[in-house]
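Everything below concerns the one structure shown next.
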Amino acid sequence: MDAASAGVVVSLSLTLWGLVRVWTHDPPRWIDRLSLAFWGTGSVVAAERWAPGPLAAVAWVVAGFCVLGAVVAVVIQSVVPAVPVVDGRNLRRQLLLACGPDGPETTTVGVSSTGFIAVRMTGRRSRVLAARLDHGCPFCFVEEIVTDVGQDAERAVERYRGERARGVNAMAVLTRTATDLGRRADIRPMTGNRRPFPAACPVHALS
C-alpha cells in the first residue's frame, strides 16, 4: 500500500471514530461533529486525488455512512431529553429517603455507560430517573448509598468493585426487608448498559 492509500485509510478510520464519539458522548460535543466532518471530507478529497478508483468509492461510502449516522444521532439527541446535571448531595438525600421504611419495595442504583446515575424504584410508588452528578465519581456515589443503607454493605461494595474490575457494569439492588435495619444489597449486571463508564477516579479506574 502506498503512502496516499495509507493516508486515506487512516482518515477513514478517524472518520469512523468520530462517528462513535458522536453517538457515545452525552451531552454531544461539537468538537466530535467537526472532527467527523473534517476527516470525512479529507478522506474523500485525498482518495479522489491520489488513491486508486476502488478506494475512492470506499471513501465516499464510508463518509456518507458517517454523515448519515451523525445526522441520525443529532436528531435522536434533540428529541430525547438531556440528562439533567444535579447536586449530588440532593440526589443522595432523595435516594436515602426512598430507601427508608416507607419507601418503594426496591431501589436500584447504577451508573450508565455514559456516566450518569440511573435509578429505578419499584413498588407502590414506582419511579425511574436519570441524573448526572455535578462533580465527583458516580461509582463512589453508588457505593456511598450502599454503605448508608445496605445490610452487609462492606461485602456488597467489595463485590461491586470486583464486577467493575472484571469489566462488568453492575448495579446495586436495595430491597426492603422485614426489619428496619437497612436493606438487602444485591449486586447485579446492568441490562442495556454493559460497557462500564471510564471514570476518572483512582478507585474505579479501569485497568
* Structure fact -> By residue number, the members of segment 68-91 that are part of a helix (DSSP H, G or I) and modelled with pLDDT of 80 or more are 68, 88, 89, 90, 91
* **Per-region count, segment 187-207, residues open to solvent by 40 Å² or more (accessible area, probe 1.4 Å) and modelled with pLDDT of 85 or more** => 2
* Failed condition for residue 1, given (1) at pLDDT 80 or above; (2) open to solvent by 60 Å² or more (accessible area, probe 1.4 Å); (3) over 27 Å from the mean Cα position of the chain (by Cα), with all others met? -> (1)
* Residues within segment 175-207 that are without any contact (Cβ under 8 Å) to a residue 24 or more places away in the chain and of a type in the set (Val, Ile, Thr), tallied -> 2
* To do: Among residues belonging to segment 44-103 that are in contact (Cβ under 8 Å) with a residue 60 or more places away in the chain and in contact with a helix residue (DSSP H, G or I) (Cβ under 8 Å, 6 or more places away or on another chain), point out the one that is surrounded by the most Cβ atoms within 10 Å (Cβ to Cβ).
  => 99
* With respect to the numbered conditions (1) open to solvent by 40 Å² or more (accessible area, probe 1.4 Å); (2) in a helix (DSSP H, G or I); (3) touching a strand residue (DSSP E or B) at 6+ places or on another chain (Cβ under 6 Å), which one is the sole condition not fulfilled by residue 31? -> (3)
* To do: Test residue 130 against the criterion of being surrounded by fewer than 18 Cβ atoms within 10 Å (Cβ to Cβ) and over 25 Å from residue 20 (Cα atoms), and give yes or no.
  => no
* Looking only at segment 106-123, which residues are under 15 Å from residue 173 (Cβ atoms) and open to solvent by 30 Å² or more (accessible area, probe 1.4 Å)? -> 120, 122, 123
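Residues are listed down the side, and each one gets a yes or a no for (1) open to solvent by less than 20 Å² (accessible area, probe 1.4 Å); (2) hydroxyl-bearing (Ser, Thr, Tyr); (3) touching a residue at least 60 places away in the same chain (Cβ under 8 Å); (4) within 21 Å of residue 203 (Cβ to Cβ):
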{"site": "139", "(1), (2), (3), (4)": "yes, no, yes, yes"}
{"site": "145", "(1), (2), (3), (4)": "yes, no, no, yes"}
{"site": "148", "(1), (2), (3), (4)": "no, no, no, yes"}
{"site": "156", "(1), (2), (3), (4)": "yes, no, no, yes"}
{"site": "162", "(1), (2), (3), (4)": "no, no, no, yes"}
{"site": "165", "(1), (2), (3), (4)": "no, no, no, yes"}
{"site": "168", "(1), (2), (3), (4)": "no, no, no, yes"}
{"site": "173", "(1), (2), (3), (4)": "yes, no, yes, no"}
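The values are calculated or read from the model by the stated rules, or taken from the named source; none is laboratory data. Quick caveat: nothing in here was measured; it's all calculated off a predicted structure. Here the Cβ is made from the backbone with ideal geometry for all residues, glycine too, and neighbour counts use every protein chain on show. Surface areas here come from the heavy atoms of the whole protein model, side chains and all, with no ligands, DNA or RNA. Shrake-Rupley method; radii C 1.70, N 1.55, O 1.52, S 1.80 Å.
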